[in-house]
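First up is the structure itself, then whatever we jot down about it.
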Amino acid sequence: MINYFIYAKDFSGSTNRVTFYHENGLKTLHEFKRHIEKINNESSKSGEPTPESRTIYLHWDYVCEEVNFNTTVNSYQKRRGRGGTSPETIIEWLQRNIDINEGKIKLLYIITDGLIDSKSSENCLRLNENMQYETVVFHALNTNVYAIDLSVASSFLKSHCVIYRNNELLDETNIAEEYDYDGINVENFDTEKNNLKSYIKLKYINRFKRNTAALEEIDKLKKLRNRLFDDLFPVQKDKTNLDTKDKNEFICQFMKTIWYRNLKTQSQDIKADIEKSISTLINYIVNDNKSYAFDALKLVTKFKDEVTEEPIVDVNFTDEQKIEFPDIILDDDKGIPVVILTELNLLDKIIFHTSKTDEVSPASFSKFNSAMECPLFLINDPDISESIGYFYTLDVYKQLLEKTTKTEPLTRRPYHGGLVLVDTDEFDKYNDYILSATYFNFKKVNYNKGLFYYVLWKNCEKKEWMDQNVAQQFKKYTMRRISTTVCKIGLSSLPLDPPENTSLLTALWYCVELSSCIFKDDPQHFMYERLRMHYGVAYCNPFKSNEMFTHTQHTTRALAHALAHSHTDITRGNG
């Protein structure tokens with residue numbers, strides 16, 4: 001077995017006569033020699049036989065050729081350069097001249113003053129697929145830092161990686177080994193997070209989020225976050241009661257919750273740092289459009305208590321359990337209305353955008369999460385409105401179900417079923433299944449059922465052709481479903497948000513008014529005011545809704561009005 005030590009110097013035309021590149025490049029050549037000595041010394045100390053070795057010096061541009069040490073020194077001293085920046089020529093030379101079955105590339109130094117385009121990067125990835133490099137040291141040298149990045153080195157990063165920018169050490173990690181997550185604790189997280197950042201950045205710079213290793217890494221990151229959270233805040237049973245209708249009593253009770261009391265401690269700052277750092281790492285892994293910039297992955301945020309959006313990373317939702325039409329005998333089938341829902345796949349609409357592109361962005365996942373936890377964002381969505389089909393009596397609906405072709409007779413749109421609007425809960429599971437079939441392609445998706453039914457009722461109510469008795473029955477059904485819905489108090493399950501589960505009515509009240517009373521004047525934690533947090537999505541289509549308000553142009557007030565209007569409708573029983 002032969003150990004190869006390879007020094008690959010960029011000899012492209014952009015380096016010609018550039019003093020900074022050649023002076024600093026010569027320093028890396030001497031560093032390369034010292035690195036070889038260190039490796040050989042460590043090998044001899046181990047007591048194992050010293051393997052045969054060979055040191056190779058390469059000049060690469062539009063071609064790659066072997067030179068000797070003196071020629072390399074001379075080219076630095078005379079500041080010579082020619083040709084273009086084509087690192088794929090390094091790989092091609094290695095494949096022609098080194099038998100990887102008989103030898104091992106123990107050390108590879110890559111020196112460059114530039115970057116490469118996406119086509120060249122793809123060629124390097126393809127050529128390097130079966131190549132192995134035990135240690136890669138990358139030096140990017142240019143006084144214009146915008147003219148250098150990781151693109152030249154990215155395909156060579158397989159094991160131990162050392163990254164320098166203008167002689168500054170940026171990253172050093174071994175991406176071939178499993179990261180020691182067990183070695184991270186609350187006390188050392190502040191220092192370990194930078195090592196973890198280097199590991200994640202270099203390991204996944206060329207990987208897609210659906211890669212199995214990527215999904216496993218995300219699972220490890222989430223488990224790390226949960227373990228650190230548990231170490232910070234051991235599980236305690238919260239004895240507060242937030243189901244009071246008295247504002248002052250609610251605020252008093254809320255301030256006694258474990259979450260709020262911890263908010264005022266130093267541990268909460270550590271928790272926020274952990275959450276934002278790990279969410280940033282997860283977002284980087286799932287992003288298929290990664291930048292090769294040295295600082296593409298930053299663990300910094302503008303606001304200390306900024307709540308980070310975390311995307312869904314596994315889009316393979318499990319199938320919803322099929323619920324057959326209940327075999328229930330009712331007194332009057334002709335008096336029970338059924339509203340048909342025509343097919344609208346919200347997974348495609350919000351996440352996958354199949355009509356435009358096949359790529360999935362983290363922003364799409366965040367938007368979907370927000371819409372499912374607070375479906376009021378969808379209240380003026382035209383596709384939701386169009387999904388409301390015609391209404392039939394229960395006996396006619398049963399006849400429609402017997403037909404093999406599921407096309408709604410009036411709209412001629414495909415459908416999977418309708419909502420049976422009875423006063424009891426006998427059809428609730430069936431109706432929920434029809435919602436999953438209609439809007440989530442038969443997938444099990446967690447969403448706020450009460451608000452989703454509210455959105456459908458409000459859109460049904462707007463139909464000029466809708467029978468008012470049917471709309472009124474839909475309203476009665478919706479109010480009953482709202483009264484039984486339990487959800488997160490802030491209509492958000494993000495890790496930094498309050499974990500308390502309350503009735504939907506309490507959650508709406510908290511979002512509309514109570515969180516503002518508690519946080520709007522808090523200079524440290526003002527980001528927890530729910531209307532402030534909803535501003536971003538309230539401003540963007542399809543969530544922007546000019547019809548939601550008449551007396552103000554501020555977009556946040558649009559959402560406030562929607563929430564407040566919802567609360568009024570539900571509590572007073574009027575539309």
Taking the stretch 2-177 and dividing mean pair separation by its residue count, relative contact order in percent (alpha carbons under 8 Å, at least six apart): 25 percent
Cβ-based exposure ranking for 424, 112, 438, 135, in which fewest neighbours within 10 Å come first: 424, 135, 438, 112
Under 5 Å, built H, 5+ apart or other chain: amide partners of residue 442: 437
³J(HN,Hα) computed for each position of the stretch 435-443 - Karplus, 6.51 cos²θ - 1.76 cosθ + 1.60, integer Hz, glycine/proline x: 4, 5, 5, 6, 9, 10, 6, 6, 9
Stretch gain in nm, segment residue 520-residue 398, where the contour uses 0.36 nm per residue and the Cα spacing is subtracted: 38.7 nm
Cross-link pairs 449/488; 9/45; 443/475; 9/290; 193/271; 220/367 - those with Cα-Cα distance over 19 Å: 9/45; 443/475; 9/290; 220/367
Cβ-based exposure ranking for 500, 66, in which fewest neighbours within 10 Å come first: 66, 500
Net charge over other residues, Cβ less than 12 angstrom from the Cβ of residue 119 (K, R count +1; D, E count -1): -2
Å³ per residue enclosed by the Cα convex hull of the stretch 211-292: 151 Å³
Charge sum, other residues only, whose C-beta stays under 13 Å from residue 231's C-beta, Lys/Arg counted +1 and Asp/Glu -1: +1
Vicinal HN-Hα couplings computed from phi for the stretch 90-95 (Karplus, 6.51 cos²θ - 1.76 cosθ + 1.60; Hz; Gly/Pro x): 5, 5, 4, 5, 4, 5
Virtual spin-label span in nm between residue 42 and residue 347, 7 Å along Cα→Cβ: 4.8 nm
Inter-label distance, nm, simple model (7 Å from Cα along the C-beta direction), residue 291/residue 255: 4.3 nm
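Mind putting a number on the dipole of the stretch 2-177 about its Cα centre? Charges go on the C-beta only, +1 for Lys and Arg and -1 for Asp and Glu, and I need it in Debye to the nearest 20.
Rounded to the nearest 20 debye, it is 600 debye.
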Efficiency of FRET from Cβ geometry, residue 423 and residue 235, R₀ 41 Å, rounded to 0.05: 0.50
Whole-percent pair-distance distribution, where bins are 10 Å wide, for the alpha carbons of the stretch 167-303: 10, 35, 27, 16, 9, 2, 0
Amide H contacts of residue 116 (H built 1.01 Å from N, under 5 Å, at least 5 apart or other chain): 151, 152
Among 86, 188, 148 the positive-end extreme of the charge dipole of the stretch 85-196 (Cβ point charges): 86
Residue-by-residue Karplus 3J(HN,Hα) for the stretch 27-38, coefficients 6.51, -1.76, 1.60, Hz, glycine and proline x: 5, 5, 5, 5, 5, 4, 4, 5, 5, 4, 4, 5
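Quick note: the coordinates plus some simple rules give every number you see, no bench work behind them. Since the structure is predicted, the reported quantities are computational estimates derived from the model, not experimental observations. Here the Cβ is made from the backbone with ideal geometry for all residues, glycine too, and neighbour counts use every protein chain on show.
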